[in-house]
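Rule-based calculations on the coordinates, nothing more; no lab input. No experiment lies behind these values; they were computed from the predicted model shown. Using ideal geometry, Cβ is built from the backbone for each residue, glycine included, and neighbour counts are taken over all protein chains shown.
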Amino acid sequence: MSEATQRWQVGDVRITSVVEAQTDGIPPAFFFPDADKALVARHAWLAPHFTGEGSTIGLRVQAFVIEAAGRTVVVDPCVGNGRTRSVPWWTDQAWPFMERFRDAGFDPGAVDLVVHTHLHVDHLGWDVHREGDRWVPTFPRARYLYVGAELDGLRSDADPDVPRLRAEVLDPIFDAGLADVVEPDADLGGGLRLAPTPGHTPGHASLWLGGRADALVTGDAVVHPLQVAEPDLAFGGDVDIDGARVTRRALLSDACDAGALMLGSHFPTRPGGRLAAEGDGWRFLPLAAEV
């Protein structure tokens, strides 16, 4: 595996992070309007994995690949290459994501299920790839799961990326007959279950592995370990800030009580760890992973 790949074993489940990109040196207020460097510096444990020089933060775009009960499941397959997006640093990119995916031992043709915590452009881009002038499914034998409330939200979303997202990503999957629309608490079988975690988006769902005990993929319910320490800290991309705060506290409490391995979808450098209660929040304790 490359350095952009990490792997954890939890019981009979194996979880692999495949990184598309990581950006460090970000001023915390860029994503968290109420944060400043003093707030970051208050939590010394964030350094060096999650914060850098000058109390800046890092964020990562990555997918998690879960091998459980004889299935290969891809969660939130990133931004993708060769796209036009409203975010400049996601536009016209050529990341070696699929090379890393294959180097980690995965075959796109052997993926059984693709799960999306929500439908922002950095969580579903590699659902498809370009062949000539067409966008075609990257995982041709997989079922692609979409929470119904997320699809409904796209119909009324004023985001300029939405028409392109529908035409380039969603339509090819639905046209190929590979899409399944599910509820945000759907039982996916084999110990995998979605859990409604609204706030970032109305239909956002996190993913529990092993029945709310073994592991948790957060999606954007928790964006950075700073929000583990400061769970009321609002993320600028949340559509319902108060709702997201309630969701985040409940999710972190559940993960801590369960002793679950928590996998932060945008956590940089060391994205898997366990929680310990600390003050009015929690501390994220990174778990060593195979690299």
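How far is it, in nm, from the label point at residue 155 to the one at residue 171 when both lie 7 Å from their Cα along the line to the Cβ?
Each label point is offset 7 Å from its Cα along the Cβ direction, giving 1.7 nm.
Under the rule of at least 5 residues apart or a separate chain, name every residue whose amide H is placed under 5 Å from the amide H of residue 68.
73
Could you check the simple spin-label distance between residue 45 and residue 239, using points 7 Å along Cα→Cβ, in nm with one decimal?
With each label point 7 Å from Cα toward Cβ, the separation is 3.3 nm.
Between residue 249 and residue 269, what is 0.36 nm times their sequence separation minus the Cα-Cα distance? Round to one decimal in nm.
4.9 nm
Would you calculate, for the chain, the mean residue ellipticity at 222 nm contributed by helices, counting each DSSP H stretch of 4 or more residues as -39,500 (n - 2.57) and dividing by all residues, to the nearest 500?
-5000 deg cm²/dmol
If you compute mean projected area of the Cα convex hull in nm² for the structure shown, which of [x] 13.6; [y] 15.8; [z] 14.7 do you land on?
[x]
Given a Förster distance of 25 angstrom, what is the FRET efficiency for residue 56 paired with residue 14, based on the Cβ-Cβ distance and rounded to 0.05?
Computed FRET efficiency for residue 56 and residue 14 comes out at 0.15.
Using the Karplus curve 6.51 cos²θ - 1.76 cosθ + 1.60 with θ = phi - 60°, work out ³J(HN,Hα) for each residue of region 23-35 in order, rounded to whole Hz, and write x for Gly and Pro.
Working through the residues one at a time gives 10, 10, x, 8, x, x, 5, 4, 10, 10, x, 8, 9 Hz.
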